[in-house]
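Let me begin by presenting the structure, written as structure tokens, before commenting on it.
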Amino acid sequence: MFKVLFVAKKSIQAVKGMNDILPTQTPHWQYIEDIIRDVLEIYGYQEIRFPLVEMTDLFNRSIGEVTDIVEKEMFTFQDRPDKNNKADSLSLRPEGTASCVRAGIEHGLFYNQTQRLWYIGPMFRHENPQRGRYRQFHQIGAEAYGLEGPDIDAEIILMTARFWQQLGLDNFELQINSLGSAEARATYRQQLVNYFSDHWEQLDEDSQRRLQTNPLRILDSKNSDLQSLIENAPQIVDYLDEESENHFTELKKLLDQTGVTYRVNSRLVRGLDYYNRTVFEWVTQQLGTQGTVCAGGRYDSLVEQLGGKRPTPAIGFALGLERLVLLLAQSDLHKDKVPDAYLIMVGGETVQRQGFSLAESLRDTLPKLRLLTHCGGGSFKSQFKRADKSGAKIAIVLGEDEMAKQQVTLKYLREDRQQVLISQSELVNYLKSVISYQLSVNGP
């Protein structure tokens, strides 16, 4: 006798830190994306799209080889060897600015011209997943090139402030700082090395590692035991060059003039090597340790550093969509989208064919109507249950009697109102009157 052994196969799950976004969640994402896209467009920013995968050297040269991102967090792999048995090192993009600069140089977007660009999409970092911080995360970024004055810095910040206004989100704090010129930053860096070297025994292991590679990042440490030491460290403001100081002063005047509240945070340094002069963050207390929702600053040397023909001043920001979705869900400002109407068809194939024709006619005339058409057949009772479960406001019923008379029955699913029988020719105007927003060919 033979025994047959059945080995249960392990179910395949998503990669750690890379999450599915389910249909109950996507309305929040769409709501945020639509509003931010509209604001970007009214400020004159144009969308650019670039690959998920880039040459690893792009990020080594831009972000910095001794940053945490490049040293520990990038997803890097070897391409297939070419005919000479040489293989490129490739990486999933950990941020958008380097790719945006690479694309701009490659396609001649920066030479003797200004650009206002924006992008949206997933980024990848091999971090320890936690709430609001994942290995695949999504950003919207905007960048302005060829403009060197503090006015464009102010515009970028004002635009982000308008995002929160349009989204109905508050409780954000704007923190700003200036890192000065590359020379001023280098001088300040050495002062930090000297200071923290004198307190070596007080530093944690991570800060000791950063001391010779990226000492400014020590200022961003969340270790509570280091806060007193950090508070007494030299401040960048004491090492600013005159031009950067004037730039920062004018930026603050522009923000004051437009009523944007901010706090100068002398410890705000940002984690990427390419930043200079203005840096800023929008911070909230509602997300715990992952409180930075949007951050950015200037990177005036990056275009030339990556092969541009001449120095090109630049400033930009990136905001994390996952964190905005969490804030939106907490605020309960935006409800999930549900159908406006559900079309029930009871009868044979002829009824179904006319029902589909009616549905497409309604979509042609009312392009904003969220109409769910029943598929899969079934009795009136089963279709009605599905209509109710969909969350639709109204059920539009087409049966053989209604079809013969070119009519439909409307049943209210969310209100205590009598059902009505109307002609199909009157249906469009009737739907306009009962849907919660006014529909037209041009939208609400």
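Which is farthest toward the positive dipole end of the chain among Gln139, Leu306, Ser390, measuring Cα position about the Cα centre, with Cβ charges +1 (Lys, Arg) and -1 (Asp, Glu)?
Ser390
Let me know the shape class of the range 224-283, please: from the alpha-carbon gyration tensor, a ≥ b ≥ c as square roots of the eigenvalues, rounded when a/c is under 1.5, otherwise prolate if a/b is greater than b/c, or oblate. It would help to have the intermediate numbers written out before the result.
Working: a/c = 1.88, a/b = 1.48, b/c = 1.28.
Here the range 224-283 falls in the prolate category.
Considering the dipole of the chain built from charges on the beta carbon (Lys and Arg +1, Asp and Glu -1) around the Cα centre, which of Val279, Thr365, Val408 is farthest to its positive end?
After comparing all options, I get Val408.
With the Cα gyration tensor of the chain in hand, convert its eigenvalues to equivalent ellipsoid semi-axes via √(5λ) and list them largest first in whole Å.
Working: eigenvalues 542, 156, 97 Å².
Each semi-axis is √(5λ); the values are 52, 28, 22 Å.
Can you give the net charge of the other residues whose Cβ lies under 15 Å from the Cβ of Asp241, counting K and R as +1 and D and E as -1? Walk me through the numbers on the way to the answer.
Values: positive: Arg185, Arg189, Arg277, Arg298; negative: Glu148, Glu183, Asp238, Glu242, Glu243, Glu245, Glu250, Asp300.
Cβ neighbours under 15 Å give a net charge of -4.
Once you have a ≥ b ≥ c as the square roots of the Cα gyration tensor eigenvalues for the range 120-276, tell me rounded if a/c is under 1.5, and otherwise prolate or oblate according to whether a/b is larger than b/c.
Numbers: a/c = 1.86, a/b = 1.24, b/c = 1.50.
It is oblate, given that a/c is not under 1.5 and a/b is not larger than b/c.
Any idea what the dipole of the chain comes to, in debye rounded to 20, about its Cα centre with Lys/Arg Cβ at +1 and Asp/Glu Cβ at -1?
2100
Would you list His199, His374 from fewest to most Cβ contacts within 10 Å?
On the way: His199 13, His374 23.
Fewest-to-most ranking of His199, His374: His199, His374.
Which is farthest toward the positive dipole end of the chain among Met74, His126, His28, measuring Cα position about the Cα centre, with Cβ charges +1 (Lys, Arg) and -1 (Asp, Glu)?
Value computed over the given set: His28.
Take peptides 421-429, 216-224 and line them up by average Cβ neighbours within 10 Å, highest first, as a rough protection proxy.
Details: 421-429: 13.7, 216-224: 16.3.
Going from most to least packed, we get 216-224, 421-429.
Rg and Dmax of the range 341-434, Cα atoms, in Å?
12.0, 32
Along the range 222-232, what does the Karplus equation 6.51 cos²θ - 1.76 cosθ + 1.60 (θ = phi - 60°) give for ³J(HN,Hα), rounded to whole Hz, x for Gly and Pro?
So the J values, rounded to whole Hz, are 9, 5, 4, 5, 9, 5, 5, 5, 5, 4, 8.
Counting only residues 5 or more places away or on other chains, whose amide H sits under 5 Å from the amide H of Leu179 once H atoms are built in the peptide plane?
Arg277, Thr278, Val279
Calculate how steeply helix 26-42 sits against the longest principal axis of the alpha-carbon atoms of the chain, using the helix alpha-carbon long axis, and give the answer as 0 to 90 degrees to the nearest 10.
For 26-42 against the chain, the angle is about 60 degrees.
From the mean inverse distance of alpha carbon pairs (Kirkwood) and the Cα radius of gyration, derive Rg over Rh for the range 71-156.
Values: Rg = 16.8 Å, Rh = 15.6 Å.
In the range 71-156, Rg relative to Rh is 1.08.
Once you charge only the Cβ atoms, +1 for Lys and Arg and -1 for Asp and Glu, what is the size of the charge dipole of the range 341-434 about its Cα centre, to the nearest 20 debye?
Working: 14 positive and 10 negative charges, 87 e Å.
Its charge dipole is roughly 420 debye.
Test of understanding: given the chain, find the longest segment containing no chymotrypsin sites (Phe, Trp or Tyr not before Pro) that are in a DSSP loop and have at most 11 other Cβ atoms within 10 Å.
Values: sites that count: Phe2, Phe6, Tyr437.
Counting at most 11 other Cβ atoms within 10 Å as exposed, the longest clean stretch of the chain is 7-436.
Structure shown: which of Lys389/Lys432; Lys16/Lys86; Lys253/Lys309; Lys368/Lys393 lie over 26 Å apart, alpha-carbon to alpha-carbon?
Details: Lys389/Lys432 23 Å; Lys16/Lys86 31 Å; Lys253/Lys309 33 Å; Lys368/Lys393 15 Å.
Cα-Cα > 26 Å for Lys16/Lys86; Lys253/Lys309; rest within.
With r defined as the distance between the Cβ atoms of Arg209 and Tyr111 and R0 fixed at 30 Å, what FRET efficiency is calculated, to the nearest 0.05? Before the final figure, lay out each step's value.
Values: r = 40 Å, r/R0 = 1.33.
Here the calculated transfer efficiency is 0.15.
Is the range 203-312 best put as rounded, prolate or oblate by its Cα gyration tensor, with a ≥ b ≥ c the root eigenvalues, rounded for a/c under 1.5, and otherwise prolate when a/b is larger than b/c, oblate when not?
oblate
Read the figures in this text as sums done on the coordinates, not as results from a lab. This is a predicted model, so every value here is computed, not measured. Cβ coordinates were reconstructed from backbone atoms using ideal geometry, including for glycine residues, and neighbour counts include every protein chain displayed.
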